[in-house]
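Please treat every number below as a calculation from the coordinates, not as lab data. Note that the structure is predicted; figures quoted are calculated from it, not measured. When we count neighbours, we look across all protein chains shown, and the Cβ atoms used for this are built from the backbone with ideal geometry, even at glycine.
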Amino acid sequence: MKYSGIDLHSNNSVVTVTDDADRVVAEKRLPNDLPKILAFLAPWKAELAGVVVESTFNWYWLVDGLQAAGFIVHLANTTAIRKYDGLKHSGDETDARYLAHLLRLGILPMGTILPPEARSVRDLARKRMQLVRSRTSHILAVENITARQFGTRITSNQVKRLDELAIDQMHLQDDVALAIRTNVAVITTLSAQIDVVEKRLQEKVASNPQLPITDDCSWYRPGPRNRHPAGNRNHRAFCQRRQLRLVCAVRGQPAHEQRQKERRR
């Protein structure tokens, strides 16, 4: 039996094939070109127990391509992988071999490989969160400006309602007023785009309630046999809160009702 690990980078990958004794059968750094990677793995396809790919930012094309070619693919949850203490060697080749090693031992922490159609909805929801975070930074900037100028800050809802007349009535210096106007202009644009994204998410959920828009971190969670390492517990709680707000936004359900529903499960 053979095992393969792929250390994936932005423009190249180190592909390793090992045997039952962790001996390297084949290893090569290849450009991120699917036909070349498939051709390299082809001689061992029938013997491979699986191919492990790191869950980096750019894994979609590689995992989809390997699965389409008939390989058994595992997505490694990189945040849950801890190398042996005192490991003497490090590098891309070592990382690829280590992935294959974990697969051979049956202790590889795995992430969930969603189908492309569900993956696109997940990514759209992540885009919404990115826009919300960006808008929040501009709202905080306006709050900080008012705190510096008046000794007290206005609320986020007040910032969202600011217009040219309201800014003029603050009687600020021209440069300070311009700074607020630029933030308000960006806030307005981001709010409009957030509304567009939320509308699309509502349409997707309405047509397919089984899409992975949940508050249980299923978009961030490793596979069912693996748990978040202790160091990720705070991140998991953070994700749960964000996902709950997103669920309520796209389903039009108050947050407290959703929390009660989850407690009853």
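As an exercise, find the ratio Rg/Rh for region 2-111 from alpha-carbon atoms, using the Kirkwood inverse-distance average for Rh.
Using Cα coordinates only, the ratio equals 0.92.
Net charge of the neighbourhood of ARG135, taken over other residues with C-beta under 11 Å away and scored Lys/Arg +1, Asp/Glu -1, is +3.
Quick check: net charge around ALA49, other residues with Cβ under 14 Å of its Cβ, Lys/Arg +1 and Asp/Glu -1?
Details: positive: LYS2, LYS45, ARG104; negative: ASP19, ASP20, ASP22, GLU47.
Overall, the nearby charge balance is -1.
Each of TRP44, TRP61 was scored by other Cβ atoms within 10 Å of its Cβ. Arranged with the fewest first, they read TRP61, TRP44. Per-peptide packing, taken as the mean over residues of other Cβ atoms within 10 Å, places 165-172, 74-81, 142-149 in the sequence 74-81, 142-149, 165-172 from highest down. Can you list the aspartates and glutamates whose alpha carbon sits under 19 Å from that of LYS160, skipping same-chain ones fewer than 8 residues off? Counting by Cα, and skipping residues close in sequence, LYS160 has these aspartates and glutamates nearby: GLU143, ASP168, ASP195, GLU198. Here the Karplus curve 6.51 cos²θ - 1.76 cosθ + 1.60, taken at θ = phi - 60°, turns the phi angles of region 168-184 into couplings of 4, 6, 6, 6, 8, 4, 4, 5, 5, 4, 5, 4, 5, 4, 5, 5, 5 Hz, with x standing for Gly and Pro. Inter-label distance, ASN157 to SER120: 3.8 nm, where each label sits 7 Å from its Cα along the C-beta direction. Semi-axes of the equivalent ellipsoid of region 88-127 are 31, 14, 7 Å, computed as sqrt(5λ) over the eigenvalues of the C-alpha gyration tensor in descending order.
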